[in-house]
1. Kindly evaluate residue 39 against the criterion of being surrounded by fewer than 17 Cβ atoms within 10 Å (Cβ to Cβ), modelled with pLDDT under 95 and more than 19 Å from residue 85 (Cβ to Cβ).
2. Are there helices (runs of 4 or more DSSP H) fully within the range 8-117 with at least 1 residues that are among the aromatic types (Phe, Trp, Tyr)? List them.
3. Name the residue that is surrounded by the most Cβ atoms within 10 Å (Cβ to Cβ), counting only residues in the range 78-96 that are among the hydrophobic types (A, V, I, L, M, F, W, C) and touching a Gly at 6+ places or on another chain (Cβ under 9 Å).
4. Conditions: (1) of a type outside the set (Gly, Ala, Ser); (2) at pLDDT 95 or above; (3) exposed (fewer than 14 other Cβ atoms within 10 Å of the Cβ); (4) closer than 30 Å to residue 8 by Cβ. Residue 51 meets all but one. Number of the miss?
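The values are calculated or read from the model by the stated rules, or taken from the named source; none is laboratory data. As the structure is a computational prediction, the values presented were derived from the model and not from experiment. Every residue, glycine among them, receives a Cβ derived from its backbone with ideal geometry; neighbour counts consider all protein chains shown.
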Amino acid sequence: MPAYFPPGLQAVLLLVCANIFMTFAWYAHLKDIATKPWYIAAIASWGIALFEYLLQVPANRIGFGVYSLAQLKIIQEVITLSLFVPFAVFYMDQPFKWDFVWAGMCLLGAVYFMFRG
């Protein structure tokens with residue numbers, strides 16, 4: 001990550017990348033290898049999750065110098081939902097639901113409480 005990015009932005013960008021891997025590790029096997037035994041899916045998911053951890057661990061270490069632990073967690077949750085919705089709709093062919101929007105609004109409330117004063 002370029003040093004000219006502030007640490008808070010570095011953490012967020014690394015968490016976005018980590019979450020892409022996480023989402024695929026957790027859910028893509030439901031589409032891509034659904035007919036294979038569960039342990040094949042688990043091994044494939046672990047392989048993908050390795051890349052998640054290679055990004056997530058430094059992201060949290062960098063971010064912990066800027067954000068509180070609770071703030072890091074809520075950032076993670078916002079990123080997760082922000083990436084999950086397009087993944088579910090476009091990759092997994094799930095219908096869009098307004099519940100995604102309402103859940104996002106609830107997370108914005110959580111962001112407010114974690115970051116206020």
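1. Details: surrounded by fewer than 17 Cβ atoms within 10 Å (Cβ to Cβ): yes; modelled with pLDDT under 95: no; more than 19 Å from residue 85 (Cβ to Cβ): yes.
No, not satisfied.
2. Numbers: elements: 29-32, 38-63, 69-86, 98-115.
It comes to 38-63, 69-86, 98-115.
3. 78
4. In the conditions (1) of a type outside the set (Gly, Ala, Ser); (2) at pLDDT 95 or above; (3) exposed (fewer than 14 other Cβ atoms within 10 Å of the Cβ); (4) closer than 30 Å to residue 8 by Cβ, residue 51 misses (3) alone.
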